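Values in this text are rule-based calculations from the coordinates and carry no lab data. None of the values given here were measured: they were computed from a predicted structure. Cβ coordinates were reconstructed from backbone atoms using ideal geometry, including for glycine residues, and neighbour counts include every protein chain displayed.
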Amino acid sequence: MKKVAILGRPNVGKSSLFNRLARVRDAITSDVSGTTRDIKKRLVTISENREFEVIDTGGIDDSSELFSIVKVQSLKAAQSADVILYMVDGKNLPHDEDKALFYQLQAQKKPIALIVNKIDNDKEEESRFWDFLEFGAASIFPISVSHNRKMNAFYHWLEKYIPPKEESVTLHEDESTLEDIFDRELEEPIAQEEDREIKVAIIGRVNTGKSSLLNALLKEERVVVSDVAGTTIDPIDETIEYNDYKITFIDTAGIRRRSKILGIEKFALGRTTKLLEAANIVLLVIDATVGVSELDERVAGLIDKHRLACLIVLNKWDIRGDKTYEEALEDTRYALKFLHYAPIITISAKSGQRVHKILDEVVKIYERYKQRIPTSKLNEVLKIAMSRHHVPSHNGAVVKIKFATQYQTKPPKIALIANRPDGIHFSYFRYLANFLRENFDFEGVPLDIVARKRGERFEEDED
């Protein structure tokens, strides 16, 4: 598949073009220079089923150490691309740095276009566009991404380098009739397609090492890592294949106290919260040198709110100080009581210590997250639980649980069919949840139990 990289200095409209090509508001856009710092990728389909991967890069700038790191990442993306789009700000005169960068990229002998953005009308095109002809670009396009102005010529040029996707045709080797296939399906019911895709959100306070962890998991410098708090703004996602699973990791922006959230970080916080709604598992990254803070508890509250599977990751374990594993485990468990079901792993993203074990844990937790307990087994265990501790009466009335059934997965949700659902005390729900955890493997997974009368509906998406 062809790769198309968008490059340019900060605040020229690269993320806006990325969003228009991807047809989503994915990359955060703002007037703040350096909003995009990491590489973002999306699959894009244009006319005649032409599919390619578009890459949004951070603004190329040498004004600080952080932006120097961004520049290295951006130029690396250009080297891996098949087509390069170099973008400039058409509202300003050509910049010498732009020329130098364009010539440097042009030397790679790849298809390259000079995109002169922010040319909003004919008057601006007449007065400003011609100055950019001095670049000597063979392909140059005066456009306005925000106004969708003169985009067609650019699209036509891009199509020349993106071949149509070949349509695959599946042929059956046998000559079975429809009747034969129907009879065979009756005898051997078709198994449901297995769910092999996992979405993992990496979440935590600022500077806990989330981006370093993502780089360690991917075994490449995918995300910009810096001591500057709040380096990651856009949520960054990357997919790998592991043990027949397709795992998509999302490195979310670090969360800080609401009073300290400034500027574009407000967009990042909203995007992070939204992405959690689509995630299955969360890696909650805690700085082992600091321990669990009040803000960590609030971040963990987001996990409980969205009822997500969780693995608690104590990072920077190699520089934690004198605290023993038992002490760290006890302190973490005490502070994060409502994530009692989440296993804890100690790692060092910087050195790679035990990082490889995270992938195994993610797969195991997801298999529990999507598991469905057979009704017969569930009721066998329920019967034992009730025989050991009977359901307490409610205001003198007898409360009977007739049977249980699991009505949803991800997370597992179990309904108790009872004569007086409102009469079951919350402490008995807690007892049953703990008993079920002892008999079925739900480590890392929240477990919801509700009570209903016979014949009463319970919705699949009920919280």
Which length gain, in nm to one decimal place, applies between LYS410 and LYS76 when the Cα-Cα distance is subtracted from 0.36 nm times their residue separation?
-> 116.4 nm
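Estimate the FRET efficiency between SER351 and GLU443 by the formula 1/(1 + (r/R0)^6), using the beta-carbon distance for r and 25 Å for R0, to the nearest 0.05. Provide the component values of the computation, followed by the final result.
Details: r = 27 Å, r/R0 = 1.06.
Result of the calculation: an efficiency of 0.40.
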Using 1/(1 + (r/R0)^6) with R0 = 45 angstrom and r between the beta carbons of PHE426 and ASP318, what's the FRET efficiency to the nearest 0.05?
-> 0.60
Nitroxide proxy distance, nm - points 7 Å out along Cα→Cβ at ARG50 and ARG454 = 6.5 nm
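Can you tell me the dipole magnitude for region 332-393 around its Cα centre, using point charges on the Cβ only (Lys, Arg +1; Asp, Glu -1), in Debye to the nearest 20?
About 60 debye.
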Ranked from fewest to most other Cβ atoms within 10 Å of their own Cβ, ILE384, ILE365 fall in the order ILE384, ILE365
Spin-label model distance (nm) - LYS150 vs LYS91, 7 Å beyond Cα toward Cβ | 1.7 nm
Which length gain, in nm to one decimal place, applies between ASP120 and HIS340 when the Cα-Cα distance is subtracted from 0.36 nm times their residue separation?
-> 73.6 nm
Nearest-0.05 FRET efficiency for LYS246 and LYS377 at R0 = 30 Å, using Cβ-Cβ distance, is 0.50
Could you line up THR239, THR248, THR57 from fewest to most neighbouring Cβ atoms inside 10 Å?
-> THR239, THR248, THR57
Amide H contacts under 5 Å for GLN353, restricted to residues at least 5 apart in sequence or on another chain and with H modeled in the peptide plane, are SER348
Residue order, fewest to most surrounding Cβ atoms within 10 angstrom, among HIS95, HIS156 = HIS156, HIS95
Mean shadow area (nm²) of the C-alpha convex hull around region 375-452 is 4.9 nm²
